[in-house]
1. Evaluate the chain: find the radius of gyration of its Cα atoms, find its Kirkwood radius, and give the ratio Rg to Rh.
2. Taking θ = phi - 60°, what integer Hz values does the Karplus form 6.51 cos²θ - 1.76 cosθ + 1.60 yield along the stretch 22-35, in sequence order, with x for Gly and Pro?
3. Rg(Cα) of the stretch 91-131 divided by 2.2 N^0.38 Å?
4. Which percent of Cα pairs goes in each bin when the distances of the stretch 59-130 are cut into 5 angstrom slices starting at zero?
5. By a straight-distance test (C-alpha under 24 Å), which lysines pair with Lys120 as possible cross-link partners, with residues fewer than eight away in the same chain excluded?
6. Can you give the FRET efficiency to the nearest 0.05 for Leu9 and Asp71, using r as the Cβ-Cβ distance and R₀ = 35 Å?
7. Note down the magnitude of the dipole of the chain about its Cα centre, charges +1 on Lys and Arg C-beta and -1 on Asp and Glu C-beta and zero elsewhere, to the nearest 20 debye.
8. In the chain, if the dipole is taken from +1 on Lys/Arg beta carbons and -1 on Asp/Glu beta carbons about the Cα centre, which of Leu155, Pro134, Ala86 is farthest to the positive end?
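Read the figures in this text as sums done on the coordinates, not as results from a lab. Predicted, not measured: the structure shown is a model, and the values here were computed from it. Virtual Cβ from ideal backbone geometry, glycine too; neighbours counted across all protein chains shown.
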Amino acid sequence: MRSRTLDTLPGRCPRCWIRLEHCLCAEVTSISTRTELLVVRHVRESEKSTSTARVAQLALPRLSFVEFNDDPALADAQLAPRLTRAALLFPTEGEAAPLDGIEQLVVLDGTWRQTRRMLKKLPCLAALPRLALPPKAAAPLRLRESPTPEGRSTLEALADALELLEGERTAAPLHALHRLMVERVFKARGVWDLKRSATAT
């Protein structure tokens, strides 16, 4: 199903981009975090109504975007001066970043293929220690299926990362927000009952 849209499209909330009758904005609460969250967003992701990072920003005051487009050098120049005690949320085969040393978390927002290309084109990220998320016992219902076992939506990945860094109390409302977004989008598409029953079996 086509998910690309514009924030001015009639019938959609201009903040969450979900159809107005299923808008979730009234149920979003502000979540304070010690960690600054820097989301490098692929330009194609910013155009999608299923962007979970957009909804994450509604709940996380310390989340900001750096846009990645046809000029990667511009994104690199914008991002580099902001990195102090930062780690990159990305799988690693080497030693993971110590959790107690992370004050900023860089998150690449896009498809798995896009994020790998983004990493190669952003030199400022090369030297950052990496935070890798542990495998999940069971995947939650998602708007898009992941092509890899370690794949997650951006909102889900943020929740899992903050659970490692700051504990379940910070992560729980983000996991709840992810579940709510999935439900509202599928209800807007008229497939919620089908998706829910398929997950239950």
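1. That ratio is 0.95, to two decimals.
2. With the stated coefficients, the stretch 22-35 comes to 10, 3, 10, 4, 5, 9, 8, 10, 6, 10, 7, 10, 6, 7 Hz.
3. Working: Rg = 10.9 Å, N = 41, 2.2 N^0.38 = 9.0 Å.
For the stretch 91-131, the normalised Cα radius of gyration comes out at 1.21.
4. 3, 15, 27, 27, 19, 8, 1, 0
5. Output for Lys120: Lys48.
6. Working: r = 27 Å, r/R0 = 0.76.
Computed FRET efficiency for Leu9 and Asp71 comes out at 0.85.
7. 720 debye
8. Leu155
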